[in-house]
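In what follows, a single structure is set out as structure tokens and then discussed.
Bear in mind that the values in this text are calculations on the coordinates, not laboratory data. The structure displayed is predicted, hence computed values, not measured ones. All Cβ positions, even for glycine, are placed from backbone atoms using ideal geometry, and neighbour counts span all protein chains on display.
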Amino acid sequence: MTAGITERDFTIIDALVEIAAETGSEPAAVALAWLRQREGVTSPIVGVRRRDQLAANLASLALHLSPEHVATLDEVSAPTLPFPIGFLASGRDLAYAGATINKRPSVAHDQFLVDSGVRY
């Protein structure tokens with residue numbers, strides 16, 4: 001793990017600042033509004049030291065981000081996962097051969113299908 005702010009961190013910060021300018025809010029409010037709109041997040045935890053920070057955080061309750069804003073923040077903050085995560089995700093099509101698992105369809109590749117109906 002490296003110490004300090006990385007280029008990726010600056011990319012995320014830049015996106016927050018840009019969206020904050022577009023929505024007339026503070027970057028902290030945008031970040032908290034984005035967290036609240038994410039599936040599975042029930043209550044973001046805030047940490048403030050001053051009243052103005054508290055006010056900026058509470059302003060997020062009135063802020064609803066557009067789907068485009070959410071997509072931008074999702075994209076710039078997506079984690080980079082190590083091997084074999086990417087491999088396993090792409091292997092879904094090979095493993096499930098056209099089945100839909102957890103609402104995620106897979107593709108049945110022709111090269112794995114046999115005309116006789118016997119697959120193995």
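What the table below lists for this structure:
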| quantity | calculated |
| --- | --- |
| Phi to ³J(HN,Hα) by Karplus 6.51 cos²θ - 1.76 cosθ + 1.60 over the range 5-13, Hz, x for Gly, Pro | 8, 9, 4, 4, 4, 5, 5, 5, 4 |
| Residue order, fewest to most beta carbons within 10 Å, for Arg104, Arg8 | Arg104, Arg8 |
| Mean separation of Cα contacts under 8 Å (6+ apart) over length of the range 24-73, as relative contact order % | 50 percent |
| Computed label-point distance, nm, for sites Thr42 and Thr80 using a 7 Å Cα→Cβ extension | 3.4 nm |
| Residue order, fewest to most surrounding Cβ atoms within 10 angstrom, among Thr42, Thr23 | Thr42, Thr23 |
